[in-house]
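Report on the structure given below.
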Amino acid sequence: MAITTLHPLSDVFIHMNNAVAGSQTGSKVTAFSPVRGQIINVGFIPSSLVASAMTLAVLVGNNASNLASNFTTVVTSTLGTFSSTLLNEGACCSVAPASPTFVNEGDAIQWVNSGGNTSLIGAMNFAVIRRA
């Protein structure tokens with residue numbers, strides 16, 4: 001089914017594959033923001049059936065110094081807007097950050113997945129950024 005949400009041309013979609021997103025211990029992947037703007041949506045799409053609940057946390061880091069990186073959590077570990085238990089492969093789990101979240105070009109965006117199956121499953125993590 002086609003997505004009915006209209007996105008302006010100023011929206012940028014970034015994604016990062018996490019091959020072990022469904023691990024019980026959790027795993028993380030990081031990408032950089034290609035533009036300056038506001039994160040309007042984040043989420044993940046599993047590549048296999050999710051047998052038990054998966055969680056997602058999203059953090060944004062300003063790596064202004066190569067000696068330290070400061071990450072701020074913008075989405076908590078439990079996304080309350082969907083149920084990921086018995087989620088089919090290819091189904092989209094997404095949520096908007098609770099408060100306006102802004103990034104600069106080059107800032108790190110980190111997705112932390114955990115839970116899911118007893119065997120590892122992959123997922124594509126994504127973020128939609130509206131250019132400022």
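The values are calculated or read from the model by the stated rules, or taken from the named source; none is laboratory data. Predicted, not measured: the structure shown is a model, and the values here were computed from it. When the accessible area is computed, the model is the full protein with side chains, heavy atoms only, and any ligands, DNA or RNA have been set aside. Shrake-Rupley method; radii C 1.70, N 1.55, O 1.52, S 1.80 Å.
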Study note, to complete from the structure: Of the accessible area of region 17-57, computed with a 1.4 Å probe and all protein chains kept, carbon and sulfur make up a percent value of 58 percent
Exercise for review: Give the long-range amide H neighbours of residue 32: residues separated by 5 or more places, or on another chain, with amide H under 5 Å away, using H modelled in the peptide plane at 1.01 Å from N.
Suggested key: 109
Exercise for review: Heads up, I need the accessible area for residue 13: 1.4 angstrom probe, whole protein in place, Å², nearest 10.
Suggested key: 110 Å²
